[in-house]
Amino acid sequence: MLLREGSYRIAIDDGTGFLTSLSHRDDPRDMNWIEGARPWGEEGNGPAYLGKVTSPDDSGGEKHVFSYQGEGYRLRVERYFLDGRFHESYGVTNVSGRSLIIGPEDFGICTPFNDSYDGGEKTLTNRCHAHIWCGLSTSYVCALRMGGGDINLGLILTEGRLGSYSIERETASNDRGDIILHPPLTALGPDQTFTLGWDLIWHGGKEDFREVLRSYPGIVLIDAPRFTLFPGEVMSLEIQPPLPGAHRVDVDGEEQAIHGGSVQLPGREEGFHRLTVKTGDRETEAVFHVSSPVGRLAEERCRFIRMKQQFPDSPSPLSGAYLTYDGETGRLVHSHRRMDTNSARERLGMGVLAAKQLQRGEDPDLRESLEKYLRFVYREIFDSSTGEVFNDLGYDGSYRRLYNYPWVALLLLEIYALKGDGEILTHLYRCLRSYYAGGGDRFYSIGLPALRSYRLFLSRGRAGEAEEVARMFRTHADHIRGTGLNYPPHEVSYEQSIVAPAADYLLQQYGISGEDPYLEEAEKHLAALELFNGFQPDCRLRDIAIRHWDGYWFGKRRLYGDTFPHYWSVLTANVFLSYSELTGKNRYRERAENIYRNNLCLFSSDGRASCAYLYPYKVNGINGEYFDPYANDQDWALYYALDSNLFC
């Protein structure tokens, strides 16, 4: 069955009633915005199909009606066009003959937005980022074409409430999986019905979508300058639209009436705080976090690392290594087979953080710990005579991983800032030269400190090394500039941590050369980078890039699924901050600070940490909504927050 009205082109399977295609009439790429292993409109638990009825609606048009049977309830799906928008409603009727409670454990609607990474041009033109907000009466999905443009899809809830979402997916990093939207717990008496209804609308991008949201009756948007606060800071809210009469705001059980659209609430204790806004029978919420100050977090984290995450002195090759820590068992974790828990790679962030922290104030115990760690690094994973960085201890070069080089370079930079030993600069130069000799000029590595290294060599009278770094890096930047948005696949086919380095390195090259074409090209990548970020009123989501595989590779639970926040979202913050410093556009500085802040919930005031928060209610039927027990690779977020100098 094909539905064609206005700009909509919709295909519905006649046998099942599920949507198979949704596209825009004027889209030159003819993108199908829905795609997944499960069909659009299927109930989360897969009820049996009953039959199909098509009947006219009151306006004389055609309403497409499908009915399905669940366990104790009947699901009636209606689809029709209303005021130029495509509308779906899912009515759940209790046919069990007794009281029934339906919630996320029992019920959900599958909405498989086409959110996956195929690599190459197809990803940018025919795939989308789906930014999900299940905020009770105010719920939506803002889907953005990955390469940008003015044809994007949005889902706006018009009836009922959504309280959470789940993910079902194959075990692979490149496909986010199928999104299942859940209502909160709902009690139904015999023959009672509750309905979820939403419009599927076209929009021109984030700001246009927000304007459309504001135009919907009953939609209440909560905004704030900060969703992560420090102790003593005031929680400042803006509620849109500022409806006449009183809103009721509830924070942690405290309720007060407010008038107008602005609210200021006194400081709260550390931890998460759920804020609920009620207007009439409408209700929505926001999630804030109060964190220890960055300096205190860094101090406590470094104490925890030296006491709990460093392998003790011994004849073992692991002597002095900083390792993954299991917060449930209190034990160190190390594996040669599971490389994302080995003693090298991303774990280098612990050493970089320790070196940065020591620059803020002397700590003899931490300095001794760092010295032990440096002996391990030089002995096992970094050959200072050649600059080669190895993937595992014992100078194991069986797999050459270019990602590791910039992290050793950053470690050397921070050690030099701490000690001022010129020999370390020699090691840094060899590390960068080895990186480029191994193909680094065609690789989108994470955190390469080219501009900082160049300036340091110049300031220390090492002009020859500075010029060589500048030459190698220009070749690198020119390759990125020539490749444009046709990003090559890396460990994931397409991801935020490919786009962020592209923008970053072009901005660094602009900082070295002052040549405008590098800045202009960086702005193209900046536009693609921003599309990964949502605007939901939750500290774990606000301006945090979509990532959905790190919980599997780096976490104890080994569960694929959305990781919000994920610490590598600070790469976007680094780009925003650099862009602000180069152009004077202060709003990017503010956004950078907020991204750094929103990652601080990964750290506790006692020094414990988590590599990822699994945000969905369930992933493949396994409970989500938890901080993974492993303290693994998240310390990069704290390091970059310190390095930004925004929290002094």
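Each reported figure results from applying straightforward, stated rules to the coordinates on display, with no laboratory input. For clarity, every value in this text was computed on a predicted model and none was experimentally measured. Glycine also receives a Cβ, built like all others from the backbone with ideal geometry; neighbour counts cover every protein chain displayed.
Each Lys or Arg adds one and each Asp or Glu takes one away; over the other residues whose Cβ falls under 14 Å from the Cβ of Arg557, this sums to -3. Look at where the Cα atoms of segment 1-51 and of segment 132-171 average out, and the two centres are 16 Å apart.
Each residue of segment 65-78 was assigned a 3J(HN,Hα) from its phi angle through the Karplus expression (A = 6.51, B = -1.76, C = 1.60, θ = phi - 60°), giving 10, 10, 10, 9, 10, x, 7, x, 9, 10, 10, 10, 10, 10 Hz with x at Gly and Pro. Taking other C-beta atoms within 10 angstrom as a stand-in for reagent exposure, Val92, Val389 fall in the order Val92, Val389, fewest first.
Its relative contact order, with pairs defined as Cα atoms under 8 Å and 6+ residues apart, puts the chain at 11 percent. Of Lys122/Lys524; Lys372/Lys556; Lys63/Lys206, which ones are farther than 20 Å apart at the Cα? Among Lys122/Lys524; Lys372/Lys556; Lys63/Lys206, the Cα-Cα distance tops 20 Å for Lys372/Lys556; Lys63/Lys206.
Reducing segment 396-453 and segment 461-488 to their Cα centroids gives an inter-centroid distance of 14 Å.
Among Thr583, Thr93, a tally of other beta-carbon atoms within 10 Å of each Cβ gives an order, fewest to most, of Thr583, Thr93. Net charge near Leu229: determine it from the other residues with C-beta under 15 Å of the C-beta of Leu229, scoring Lys and Arg +1 and Asp and Glu -1. Once positives and negatives cancel, what remains is -1. Here the sum of -39500 (n - 2.57) over DSSP H runs of 4 or more residues, divided by the residues of the chain, equals -9500 deg cm²/dmol at 222 nm, to the nearest 500. Name the residue from Ser569, Leu458, Gly514 whose Cα lies farthest towards the positive end of the charge dipole of the chain, charges +1 on Cβ of Lys and Arg and -1 on Cβ of Asp and Glu. The one lying farthest along the dipole's positive direction is Leu458. The calculated FRET efficiency for Arg296 paired with Glu371, based on their beta-carbon distance and R0 = 22 Å, is about 0.35. Figure legend: label point modelled 7 angstrom from the Cα of Tyr216 along Cα→Cβ; residues of segment 109-148 with amide N under 20 Å from it are 109-115, 128-145. Other residues with beta-carbon under 11 Å from the beta-carbon of Gly218 carry, at +1 per Lys or Arg and -1 per Asp or Glu, a net charge of -2.
Packing, as the average of other Cβ atoms within 10 Å across residues, places the peptides 362-371, 432-441 in the order 432-441, 362-371, highest first. The alpha carbons of segment 2-219 occupy a box of 54, 45, 36 Å along the principal axes, longest dimension given first.
In terms of surrounding Cβ atoms within a 10 Å radius of their Cβ, Met146, Met350 rank from fewest to most as Met146, Met350.
Straight-distance candidates among the aspartates and glutamates for linking to Lys278, with alpha-carbon spacing under 20 Å and chain neighbours fewer than 8 residues away dropped: Glu159, Asp223, Glu238, Asp250, Asp252, Glu254, Glu255, Asp538.
Applying a length cut-off of 27 Å (Cα extent along the axis) and a mean Kyte-Doolittle floor of -1.0 to the DSSP H helices of the chain leaves 463-483.
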